[in-house]
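What follows is one structure encoded as structure tokens, with my remarks underneath.
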Amino acid sequence: KVLRSGGIIITPTDTVYGILGDATKAEVIKKIFELKQRPQEKALPIFVKSIAAARKYAYISDVKAKFLEKIWPGGVTVVFQHKEKFPKILTGGLNTIGIRIPTNDFLQKLLGYIDFPLAQTSANVSSLPPAKNMDEAKRYFGKSKIKPDLIIDGGELQSKQSTVTDFTGQEPIILRSGITTKKELDKM
């Protein structure tokens, strides 16, 4: 209900606590940027329910979809050229979008209840470490002018951020190391 009405939430993900909102609404994206104090030229990635949903928003060949079947759901955000179905503020004006299918059961169920992708970013003020529990998230945003509409307590998370891989070319290139290592990706 919160997400459908244009609200933003903080919730555990399969990596760290995240800030999430409707990726198709510019006003929601603006709230996320303001809450996080993030420069607007930095794009936000999205969560989707399935590879079919990802292909609705990005150019993903059959060969690349086969690769995604090996790594998703999981802690790998993959960058593709997008199909221009998002507000420019989400993509930072770029022609690419980072996409991930999370393994987190709650997020999987949530994505099944809504018909839009979720803009997502780690729950922290830009340049500070991501929140690993609800108390850290509350500390980050307790004095913020913009407040999350809902914070979901999922306990303590010990995880790293997602691995970010650029797959706009023929071969994937790791842009940021994270929860999934290069060695693990090479085995896939």
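The values are calculated or read from the model by the stated rules, or taken from the named source; none is laboratory data. What you see is a predicted model, and the numbers here were worked out from it, not measured in a lab. Because the Cβ atoms are built from the backbone with ideal geometry, glycine has one as well, and the counts that use them run over all protein chains shown. For the accessible areas, the whole protein counts, side chains as well, though only heavy atoms, and no ligand, DNA or RNA atoms are used. Shrake-Rupley method; radii C 1.70, N 1.55, O 1.52, S 1.80 Å.
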**Report entry** Cα radius of gyration and Dmax for the chain (Å)
**Finding:** 15.4, 47
Requested in this report: Compute the whole-percent fraction of alpha carbon pairs in segment 108-177 spaced more than 13 Å apart.
Outcome: 75 percent
Report task. Inverting the mean 1/r over all pairs of different Cα atoms, compute the Kirkwood radius of segment 66-110 and quote it in Å. Result -> 11.8 Å
Query raised in the report: From the phi of every residue in segment 69-74, what ³J(HN,Hα) in whole Hz does the Karplus formula 6.51 cos²θ - 1.76 cosθ + 1.60 yield, where θ is phi - 60° and glycine or proline is x?
Result: 4, 7, 10, 10, x, x
Query raised in the report: Using the Karplus equation 6.51 cos²θ - 1.76 cosθ + 1.60 (θ = phi - 60°), what ³J(HN,Hα) coupling, rounded to whole Hz, does each residue of segment 39-45 give in order, writing x for Gly and Pro?
Result: x, 5, 7, 8, 5, 10, x
Requested in this report: Report the far tail of the P(r) of segment 32-90, meaning the percent of Cα-Cα pairs longer than 16 Å.
Outcome: 48 percent
Report summary line: Evaluated at 4 °C and 1.567 mPa s, the Stokes-Einstein D of segment 18-59 based on the Kirkwood radius over Cα pairs, in µm²/s, stands at 113 µm²/s
Query - Surrounding net charge for SER5, when Lys and Arg each add one and Asp and Glu each subtract one, Cβ distance under 10 Å - result: 0
Report summary line: Heavy-atom accessible area of segment 63-188 with neighbours in place, 1.4 angstrom probe: carbon+sulfur share in percent works out to 51 percent
Query raised in the report: Cα-Cα pairs above 25 Å in segment 1-107: how many percent?
Result: 17 percent
Report task. Please name which of ALA52, LEU175, LEU35 has its Cα lying farthest along the dipole of the chain towards the positive end, using unit charges on Cβ (Lys, Arg +1; Asp, Glu -1) and the Cα centre as origin. Result -> LEU35
Requested in this report: Over segment 69-117, give the accessible area per residue in Å² for a 1.4 Å probe, as an integer.
Outcome: 47 Å²
**Report entry** FRET efficiency for SER61 and GLU27, using Cβ-Cβ distance with R0 set to 25 Å, rounded to 0.05
**Finding:** 0.15
Report summary line: Amide H proximity to TYR17 below 5 Å, modelled H, separation 5+ or other chain, gives ALA123, ALA131
Report summary line: Stokes-Einstein D for segment 64-159 (20 °C, 1.002 mPa s, Kirkwood Rh from Cα pairs), in µm²/s, comes to 137 µm²/s
Report task. State, to one decimal in nm, how far the label point of ARG176 lies from the label point of LYS83, with both points 7 Å from Cα in the Cβ direction. Result -> 2.6 nm
Query raised in the report: What is the chain's relative contact order, in percent, from Cα pairs under 8 angstrom and six or more apart in sequence?
Result: 31 percent
Report summary line: Karplus ³J(HN,Hα) for segment 61-66 (6.51 cos²θ - 1.76 cosθ + 1.60, θ = phi - 60°; Hz, whole; x = Gly/Pro) runs 5, 4, 4, 5, 4, 4
